[in-house]
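**Q** Have a look at the structure that comes next, please.
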Amino acid sequence: MTTSAAERVAQHLSAIVSSSDDAMIGKDLNGIVLSWNAAAERMFGYMAKEVIGQSIRLIIPAARQSEEDEVLRRIRAGKSVKHFETERVRKDASLIPISLTVSPLRDAEGRVVGASTIARDISERKDREARLTATEAARDDLHDRLQMLVAASTKLFETPHLSAVVNFALNVAQDLVPADAYVIWRLKPEVGWEPLAFDGVSAEFASVTAAKEQTELEFTEPMTVEDVLTWPAGAPRRQAYMDEGIASMLIVPLVLHGLRQGAFVFYHRMRHRYSEVDVNVGAALGNLTAAAMTNAELFDEHQRVVRAGVLADVLRCLATPLNYQDMLTNIATVFVPRIADWCVVDLVGKDNTVERFPAAHVDKSKGEINPVLRLCFPESQFTPGASELVIASGQSVFVRRVTDDMLVKALSDNEEQLQLIRVLGIVSYMCVPLIGKHGTIGAMTLAMGESGRHFVDDDLQLVEELAHRTGLAIESAQAYEEAQRANRIKDNFLATLSHELRTPLNAILGYTWMLRSNVVTDERRERALETVERNAKTVSQMLYDLLDVSRIASGKLTLTIQPMDLRKLVLESVESVTPKAADKRLSVRVDADKDPLLIQGDRARLQQVFGNLLTNAVKFTPDDGRITVTVNSSPKAATVVVQDSGIGIPAAFQAKVFEPFEQVRLKSTPQIGGLGLGLAIVRQIVELHGGTVTLESEGEGKGSTFIVQLPRHASPDHEIVEKPPV
């Protein structure tokens, strides 16, 4: 039996369809399957008998049904669909990626009667593409993380102290290798594994762990542990892992000083498989951290040597018998530049004002910017004159890192001051109190700028200890200087007293001898007695002044408080000096209201105050001068002003004018006698009344003005004797 050519072609095509690796499916224009080859059975899991006569939509996912609508539309239009990549559903419900080529089938007359579908399995290619995409993503991820690590490495190596290095490394790790917790461990053979820094775990977990005579880690490369409960080497810590909820971890050994005596550990609380990128980045971070830790430990050791030298040198300065000003200058030069870039000291003076000593600065041109250096930087905000805050509180202020944001926030309303501070370039700051036996006597301020270094806790502890010792030394030096000054004053006083007593005593003794010897004639006898009496009164006044000073110093001076008319008292005091003023042709004018000015006070003592002020005005005002006394009041205070056109008081002496035994000495004016007690007594009596006395003078030859203010209703805090009004 012969076979026609058409039959041979059909048989050939059938063989091709049956042996093809691609699924070949025939369907009509409604999507009903007409043919299903062996490759389709293998690819989709359906046998031909299960599918033929069924809709092709059987293998199309629900979300892709619209694709079939579009395919049939194109086929009916006589168009093909070529290499359309999509997914179809196997019999077992799994998805398979395929490439579809669908062509229209025509009858003998050229009409489209169905479609031929060729489906090619592209799973391997998709897997290759996915792996390639994952590889490229991993490469990009590694590149990005390494770039972040390189950017962080500069700051990591700029951080000179170990504590700062490990804390910064933890912060970097959170961006580079995401984990639930981190610990940097350090092996000390004599102690065990000690945590240097940790985050995300409890303090109980991050505690010293025994090392069992271990000197370094046994492994050299990073180790991943996906299940800590089955990790043999983790058996000693298994309970700690369970308590903390640790499931997986990545351990990166740290080589410190040539030994594997550190570990950077990344912890997860759920089972975690660490990627190659995680391991590589963790290893790179570990290497940089180890190098930075080694540098920091070397730097810290160097700083310990420096601090020991500073301690020894400061103690040597404190032991050297110098005045405290020179001692402070020497101490500041010890601190700069070994501990700080600049140092300045503020001390509380006798009048409670703060005195600043010249600053020591690595750049001497900046050491003289005292107004700028008075800026201080507490933790919450920057405020001018913070040394006063430290002196008031007795507590140190420590700002480890000064940022520009802090400056802008504190000085937002003062652009000029902000720019001055920026010029100084302050990056770290501390201000510690100088504490003596009797409390805080000053403050020592240190800052970092040009060097770019930052203070650490050890620096603060050292400076606080030295500041305390310095405070005690300053008190001792001040006490010694005060004792020396007191001795000088005593010697000067005794010399003055002997001189001041010699003149009246010589007159008394001389005239007494002359009267006894009848050398004095009757006509001159009365005048001789007046001279004896006048000089005796002078001596008596000196003794009374000395007694007053003694009573005031011992707190035994009492006041007899009673209502009184201050205006009347001042007028009486003016009348008492009028004769002496007239002898020198002085103009004395009183400016006061006619109404009484009632206050509570000791009449005799206040008369002593105004008598002393007016007597001095007469004594120190040249002939033909003028004296003006003004009395006025406010609801709370009464004021008496004594102004003269006398010799004036130099500015350098004005702070001492109310101290005992101090007298104004002018080159242009002959020395005028006296013990220098009058103004000291004036101030003490006025202050016992709850008032104040102040001096104003533009200098030598320009007169003086003394201003006494007394409360209208005084409430002195000393012993008083109440006396009812008469």
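**Q** Note the per residue figure in Å³ for the convex hull of the C-alpha positions in the stretch 564-606.
**A** In the stretch 564-606, the Cα convex hull volume per residue is 65 Å³.
**Q** Right, something else. Just the number please: accessible area per residue for the stretch 110-267, 1.4 Å probe, all protein chains included, in Å².
**A** It amounts to 52 Å² per residue over the stretch 110-267.
**Q** Tell me the label-point distance for the pair R356, A134, using the 7 Å Cα-to-Cβ offset, in nm and rounded to one decimal.
**A** Distance between label points: 6.7 nm.
**Q** In nm, to one decimal, how far is the R527 label point from the D326 one, both placed 7 Å along Cα→Cβ?
**A** 5.8 nm
**Q** Order the peptides 265-277, 425-437, 121-133, 393-405 from the highest to the lowest mean number of other Cβ atoms within 10 Å of their residues.
**A** Peptide ranking by packing, descending: 425-437, 265-277, 393-405, 121-133.
**Q** Between V306 and R271, what FRET efficiency follows from the Cβ-Cβ distance if R0 is 41 Å, with the result rounded to 0.05?
**A** Plugging the Cβ-Cβ distance into 1/(1 + (r/R0)^6) gives 0.25.
**Q** So how exposed is L146, as accessible area in Å² (1.4 Å probe, rounded to 10)?
**A** Accessible area of L146: about 60 Å².
**Q** Would you mind counting up the charge near A137? Only other residues with Cβ under 14 Å from its Cβ, with Lys and Arg at +1 and Asp and Glu at -1.
**A** Neighbourhood net charge equals -4.
**Q** Once fully extended, how much extra length lies between A319 and V520, figured as 0.36 nm per residue of separation less the alpha-carbon to alpha-carbon distance?
**A** Difference between extended and current length: 65.6 nm.
**Q** Right, something else. Quick one: ranking H161, H143, H438 by accessible area, 1.4 Å probe, largest first, what do you get?
**A** H438, H143, H161
**Q** Sticking with this structure for a sec: Using a probe of 1.4 angstrom, how much of the accessible area of the stretch 397-486 is carbon and sulfur, in percent?
**A** Accessible surface attributable to carbon and sulfur in the stretch 397-486 totals 52 percent.
**Q** Same structure, new question: Once the piece of chain linking E687 and D458 is laid out straight, how much longer is it, given 0.36 nm per residue of separation minus the C-alpha distance between them?
**A** Stretched out fully, the E687 to D458 stretch lengthens by 77.7 nm.
**Q** How long is the gain from S163 to S80 if the chain were fully straight, where each residue apart is worth 0.36 nm and the alpha carbon distance is subtracted?
**A** 22.8 nm
**Q** Sum up the charges of everything whose Cβ sits under 13 Å from the Cβ of D313, counting Lys and Arg as +1 and Asp and Glu as -1, but leave D313 out.
**A** For residues surrounding D313, the net value is +4.
**Q** In addition: Quick check: with the 1.4 Å probe, what order do M448, M24 take by accessible area, largest first?
**A** Greatest to least solvent exposure: M24, M448.
**Q** How much accessible surface area, in Å² rounded to 10, belongs to the heavy atoms of F706 with a 1.4 Å probe?
**A** Approximately 20 Å² for this residue.
**Q** Describe numerically, in nm with one decimal, the distance between label points set 7 Å from Cα along Cα→Cβ at T101 and at L146.
**A** Rounded to a tenth, the inter-label distance reads 4.3 nm.
**Q** In whole percent, and with a 1.4 Å probe on the protein chains, what portion of the accessible area of the stretch 293-349 is carbon and sulfur?
**A** Carbon and sulfur: 62 percent of the exposed surface of the stretch 293-349.
**Q** Using a 1.4 Å probe, how large is the accessible area of D21, given in Å² and rounded to the nearest 10?
**A** 130 Å²
**Q** Quick one: Cα convex hull volume of the stretch 22-89, Å³ per residue?
**A** 85 Å³
**Q** Another one. Taking the Cα atoms of the stretch 200-285, what is the range of coordinates along each of the three principal axes, in descending order and whole Å?
**A** Rounded to whole Å, the extents work out to 34, 33, 24 Å.
The values are calculated or read from the model by the stated rules, or taken from the named source; none is laboratory data. Source: prediction; values computed, not measured. Ideal geometry is used to build each Cβ from the backbone, glycine not excepted, and the neighbour counts take in all protein chains shown. For accessibility, only protein heavy atoms count, side chains too; no ligands or nucleic acids. Shrake-Rupley method; radii C 1.70, N 1.55, O 1.52, S 1.80 Å.
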